[in-house]
Amino acid sequence: MDSGSGRQQTAPRIPRWITLLALTAIIAWTVWLLRPTSQPQVSIPYSTFIDQVRAGNVKSVQISGNSITGVFNTPIVWPTSTPGTTQSGTPTAAAPAATPETYADFRTNFPADVGDTRLLPLLEQQNVVVDVSAPPTPWLTILLSYGLPILAVVGVVVWMGRRARRGDSGVFNFGRTQARRYEENRTRVTFNDVAGADEAKADLEEIVDFLRDPAKYHGIGAQIPRGVLLVGPPGTGKTLMARAIAGEARVPFFSLSASEFVEMFVGVGASRVRDLFEKAKGSAPAIVFIDELDAVGRRRGAGLGSTNDEREQTLNQLLVEMDGFDERQEVIVIAATNRPDVLDPALLRPGRFDRQVTISLPDLKGREGILQIHTRHLQLDPDVDLGVLARTTTGFSGADLANLCNEAALFAARRNQRVVAMADFEEAVDKVVLGGVRSLLLDEEDRRIVAYHEAGHALVAWRQPEADPVRKVTIIPRGQALGVTEQLPDEEHYNQSRGYLLARLAVMLGGRTSEELVMDDITTGAESDLVQATRLARRMVTRWAMGGLGMMAFESDEQQPFLGYELSQGHDYSEETATRIDEQVEQLLNERHEVARQILSEQREALDALVERLLSEETVVQEELEKILGPRPEGAEVSDVEEGAPPTPA
């Protein structure tokens, strides 16, 4: 590879007809070498053979199965000159009409079915040399046994030679890197194609400036960071950000997933790491992007059964390569992960991935910018308001917003529309958030239970000022849920108060409480609600000191990704404290259960009215809720979507 141009020099390709001609010549030569070679033989009847033996004219015979071949002492003329008789005068059938020729070799068939016990004594009496051997191997069998392996070896040699000319030498290419290289002259992704991550782009501007003009930094003795770790939830655009850095700097970009390093053979991953960095150094200045770094960079020696020699050797080689960079080396390693908590501490120390750039979920302004990017190629109706869409998509990542735009375009195309309307985006939001509509037929009793369940969620949320406003209630089965209560915040908040969390717990338990109050029975539909409520209550007690345990915080088992790590390290609190934690979680849930019961009991008429509207209309939006339930108390904070009556946990 030419480090100046960054392009790989390839050898001229051999014409296909030359390869076919060479293979044809090899096959012909193999057939010629394996062809049967023997003297001309005459086929004579068995009786003629016996006559020749008695006459002492047979020198030797070779018996192979039912076939007998041999050599005459004196060559004979065949067919015989006297039709109808043998040379000994024995009458025979009419001789064949053929030109007589002289033969020294002969062949005949032994009558195996009849047998001839006099043959061997007769041969011995006439001093005939007898050779008994196995039946001869057919020439086709010989060709398949010897010719095809030769062709296979030749084919492998030709294939390896062509791979070597393309620069992919090595046995089966195991030790070579699988990284894909994107040249700087291809269609580029720049920071203009990335929205919703302004802080991250500001942090990475320095990396771009270094790759554009490394001499400016080397001239004053500055050292650029060797590794940059992009951290953020899935779908926030970490890979897109890395490509944008390469596009802005206009340098070669080597991209691969960390899982491509690891193979079943120990040492292959380490070899690929070495090969990757050799190619990157040969193309410097360059960027090496490793996606999903946690696949190879997991903490060593954590938990039970976590030893993996291949993965750990690959990680060790990666650490060595990053340490081995020349101080003036113009190669930057960018890695992405959504699990920084599982990475080995050696990766994160200064000198390796010593910069961590957090790419979080986009805010309101960022979501609007992402929607503008993903709707540039769509034909939009004038009624589409991206600002409203941005407010209704709180918690969406960049990938979610891209999927939302595509779903809206698909809905418009199904209706044979020429433009994408706001109604298409609203339907797409429902599909992304709530799931697709299921054609599930429920009887009247099940529909009534689902309606009371969802009405319980909605009414408890409506009557608590701290809870999120209810946007929509539906008993149409979507995804895994039989009904859904959707809540939407008035504005974004990054801190959640204790009052908001308590209200959220009451909303989660509102569906189950409504079933108890009205049906005088309970169903399995609240399974997901109970799981989510228990998880939230435990976090409030153990992490955020919102229970009755004072200011102490406790690590939770659900936080530990390594199997057995908690067992090997032990708890940081006693068994007595664990019992108190369980008691506090139970007490918190029971208190919010009573709050939900009190609200529903006092608003029983409003609950029944909402249920009747749901049974008739199936979906009730915010404006209709206000008419049925009355004005909502002021004060709303961060929201979520409460799923009610799912057949299985959501």
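The values are calculated or read from the model by the stated rules, or taken from the named source; none is laboratory data. Please read these numbers as outputs of a predicted model, since none were measured by experiment. For neighbour counting, all protein chains shown are included, and Cβ atoms are generated from backbone atoms with ideal geometry for every residue, glycine included.
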Here the residues within region 509-530 that are in contact with a strand residue (DSSP E or B) (Cβ under 6 Å, 6 or more places away or on another chain) and of a type in the set (A, V, I, L, M) are none
Among all residue pairs at least 6 apart or on different chains, which show Cβ distances below 8 Å where the first residue, located in region 43-69, is more than 14 Å from Pro111 (Cβ to Cβ) and the second is among the small types (Gly, Ala, Ser) and surrounded by fewer than 15 Cβ atoms within 10 Å (Cβ to Cβ)? Asp51/Ser88; Arg54/Ser88; Ala55/Ser88; Gln62/Ser133; Ser64/Ser133; Ser64/Ala134
If we scan region 386-398, do we find a residue that is surrounded by 15 or more Cβ atoms within 10 Å (Cβ to Cβ), in contact with an Asp or Glu (Cβ under 6 Å, 6 or more places away or on another chain) and farther than 30 Å from Arg418 by Cα? no
Among residues of region 275-313 being among the β-branched types (Val, Ile, Thr) and at pLDDT 80 or above, the residue farthest from Phe253 (Cα to Cα) is Val296
Residue ID - nearest to Pro477 (Cα to Cα), chosen from residues in region 608-650 that are of a type in the set (Gly, Ala, Ser) and at pLDDT 90 or above: Ser616
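A quick yes/no check of all residues on (1) assigned by TED's automatic domain parsing to the domain that holds Leu204; (2) in a loop (DSSP other than H, G, I, E, B); (3) out of contact with any Gly (no Cβ under 7 Å at 6 or more places or on another chain):
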| residue | (1), (2), (3) |
| --- | --- |
| Asp341 | yes, no, yes |
| Ile373 | no, no, yes |
| Gly387 | no, no, yes |
| Thr393 | no, yes, yes |
| Leu410 | no, no, yes |
| Asn416 | no, yes, yes |
| Ala423 | no, no, yes |
| Asp430 | no, no, yes |
Sole miss for Asp446 among (1) outside any helix (DSSP H, G or I); (2) surrounded by 14 or more Cβ atoms within 10 Å (Cβ to Cβ) is condition (1)
Can you name the residue in region 219-244 that is among the small types (Gly, Ala, Ser) and over 21 Å from the mean Cα position of the chain (by Cα) and, of all such residues, is nearest to Arg355 (Cα to Cα)? Gly227
Name the residues in region 526-535 that are of a type in the set (A, V, I, L, M, F, W, C) and surrounded by 18 or more Cβ atoms within 10 Å (Cβ to Cβ), would you? Ala526, Ala533
Those residues of region 497-525 which are more than 14 Å from Ala596 (Cβ to Cβ) and exposed (fewer than 14 other Cβ atoms within 10 Å of the Cβ) amount to Ser497, Arg498, Asp520, Asp521, Thr524
Condition (residue is in a strand (DSSP E or B) and modelled with pLDDT of 85 or more) applied to region 44-56: is it met by at least one residue? no
Pairs under 6 Å by beta carbon, first residue closer than 15 Å to Thr69 by Cα and at pLDDT 80 or above in region 109-120, partner polar (S, T, N, Q) and not in a helix (DSSP H, G or I), six or more apart or different chains? Asn109/Asn66; Phe110/Asn66
Counting only residues that are of a type in the set (A, V, I, L, M, F, W, C) and modelled with pLDDT of 90 or more, which one in region 429-460 is nearest to the chain's Cα centre (by Cα)? Val450
